[in-house]
Amino acid sequence: MSWLARNAFPIGLAAAGFTLAVGFATGDPDTYWHLASGQWMLDHREILRTDIFSSTVTGQPYSVGEWLGEIVLTLVFNAGGWAGLAIFRAFLVAIAAFFLARLSRRGGAPLIAALLIVIWALVVSKTRWTDRPAIFTFVLFPVVLDLLYCARAGSRRALVAIPPLILLWANLHGGYAIGIALVVAFTAEAALVRRRDLVPFAVILGAAIALSFIDPETFGVAGAAGHALAPPRFISEEAPPDVLEASGFVFAAFVLAAVGVALLYGGALLDALLLIPLLWLALTAQRHLVFFVFAATPLIAAGAARAYARLMPRRAPLRPLPDPAAAALAILLAIGALVSAVSAPTVPDESAYPAAAVPALKAGSGTLLNEYDWGGYLISRVPERKVFVDGRLFPFYPAVLRDYRDAVELRSNWRDVLARYDVREVLLRPGKALAVALREDGWTVRADGPDFVLLARP
């Protein structure tokens, strides 16, 4: 059987993922500051290690562990603009869908069951289809997980490929710590159950950890772990999952399905080593939901296969397509996905940002206190005005973020915060408590719209 025929199902899902992802316009506020950081590094040929974008922590050292990811995205943007970013994002989503499809067939699940499981997993992952370095963690997680399963089945080539991927991951995005956690889980299972595999897995784990320190930005596992243990809850993606939202509902369904499979058919030690920590991580913040869902896919798919065999013991399995037909179908689907690249949006979706305030901001001066979600946009569109906060998070946490919330939420010391930072202008949503209070205090409206108001100190 040819490689194309064997992988027709994963290729088909990869093509579907590409087609879906390529049509979404960039709208993430963090994209802007990532591109600005990447461009600075390309221009200066060095890693950006101190703040140059804010008025609150300017000159202070910081690291977000994403230097290479920022440079890659900036190179893509410089070569293809916003459409290039959309196509690149779709390509990465396609890779994730390909390996997720492979994971779904590991337990011998019927094709239709595997298809439904992967579709729902991709529904959860839609929130992670962003044009920022976090997408590299979204992609590398299923790649490394699939390689680990291959290594567990005896593939030494798959095992050897893992440390270089961890090295790449460590420089692309700080989420590489979760990749090392995957290797730890497989190594622990080898130590407790499959002792003949302990030495090779232990060697690979040691190599992965050692290579992860070859990172000139020196973010480190401690930084990634610290972020996971103490996320700032007022940021939506750092909040716990909400089952009333689509992603939270599907996540809850995966949790129930995984528990159901374990109760009905039992589960391997490896399933517990993988899923229990990832479930805890998912419950800490919405942005981690996808990791539990991806890791639970093989278990749920295997449970679907056993349920199918029990419910229809005498039904003959569906015959696979002949190899030539499967290969032809895979090629057609891949071609169709590539053709869909013409629909890549050439401009970002900036409907959520205060574009009408830009001229007034350019003409203004002094310290600007801005809406948190608009910081990245302002870094790109009004670079001459330093921001108060933005999505980089780490340089502002906890002191500046605490002051920001004290002021915006009109806590008892809000006037002290404005005085301490010598805030001259405020750009917020009109309904924010601070915006309402400053209007009443006589601050001048320099620009406003349905979704923003720019106020200046009288």
Note to self: C-alpha centroids of the stretch 256-312 and the stretch 388-405 sit apart, in Å, by 36
Place a +1 charge on the Cβ of each Lys and Arg in the stretch 252-402 and a -1 charge on the Cβ of each Asp and Glu, then give the dipole magnitude about the Cα centre in debye, rounded to the nearest 20. 420
For the chain, with +1 on Lys and Arg beta carbons and -1 on Asp and Glu, the positive-most of Gly364, Val255, Leu75 along the dipole: Val255
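First measure r as the distance between the Cβ atoms of Ala399 and Phe249, then evaluate 1/(1 + (r/R0)^6) with R0 = 45 Å and state the FRET efficiency to the nearest 0.05. Each step should come with its number before you reach the end.
Details: r = 37 Å, r/R0 = 0.81.
Working from the Cβ atoms, E equals 0.80.
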So, for the Cα atoms of the chain, Rg and Dmax in Å stand at 24.2, 82
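Peptides 383-392, 195-204, 73-82, 13-22: what's the order by average Cβ count within 10 Å, highest mean first? Before the final figure, lay out the partial values.
Working: 383-392: 21.6, 195-204: 15.0, 73-82: 17.2, 13-22: 23.7.
My ranking of the peptides, most packed first, is 13-22, 383-392, 73-82, 195-204.
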May I ask which residue of Thr187, Pro322, Ser380 lies farthest towards the positive end of the charge dipole of the chain, with charges of +1 (Lys, Arg) and -1 (Asp, Glu) on Cβ and the Cα centre as origin? Pro322
Roughly how many debye, to the nearest 20, is the charge dipole of the stretch 125-216 about its Cα centre, given +1 on each Lys and Arg Cβ, -1 on each Asp and Glu Cβ, and no other charges? 260
Please state the relative contact order of the stretch 362-416 as a whole percent: Cα pairs under 8 Å, 6+ residues apart? 26
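For the stretch 412-458, which whole percent of the accessible surface, found with a 1.4 angstrom probe, sits on carbon and sulfur atoms?
Working: 1130 of 2440 Å².
C and S fraction of accessible area: 46 percent.
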Percent carbon-and-sulfur accessible area, the stretch 260-368, ignoring ligands, DNA and RNA, probe 1.4 Å: 70
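Give, rounded to the nearest 20 debye, the magnitude of the charge dipole that the chain has about its Cα centre when Lys and Arg contribute +1 at Cβ and Asp and Glu contribute -1 at Cβ.
Details: 39 positive and 35 negative charges, 346 e Å.
Value, rounded to 20: 1660 debye.
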Sorted by mean Cβ packing within 10 Å, highest first, what order do the peptides 40-46, 398-404 take? 398-404, 40-46
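Could you tell me what percent of the accessible area of the stretch 1-148 is made up of carbon and sulfur, with a 1.4 Å probe and every protein chain present? Walk me through the numbers on the way to the answer.
On the way: 3460 of 5240 Å².
Answer for the stretch 1-148: carbon and sulfur cover 66 percent of the accessible area.
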Students often forget the sequence filter, so: which lysines lie under 27 Å Cα-Cα from Lys362 once same-chain residues fewer than 8 apart are removed? Lys386, Lys432
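Give me the percent relative contact order of the chain, please, defined on Cα pairs under 8 angstrom at least 6 residues apart.
Values: 714 pairs, mean separation 103.2, N = 458.
The normalised contact order for the chain reaches 23 percent.
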Signed unit charges on C-beta, dipole axis of the chain, positive-most listed residue Val417, Gly108, Ala14: Gly108
Using label points projected 7 Å from each Cα along Cα→Cβ, tell me how many nm separate Tyr265 and Thr50, to one decimal. 5.9
Find the accessible area per residue for the chain; the probe is 1.4 Å, ligands and nucleic acids are left out, and the unit is Å². 44
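The values are calculated or read from the model by the stated rules, or taken from the named source; none is laboratory data. All values derive from a computational prediction rather than experimental measurement. In this analysis, Cβ positions are derived from the backbone assuming ideal geometry, glycine residues included, and neighbour counts consider all displayed protein chains. When the accessible area is computed, the model is the full protein with side chains, heavy atoms only, and any ligands, DNA or RNA have been set aside. Shrake-Rupley method; radii C 1.70, N 1.55, O 1.52, S 1.80 Å.
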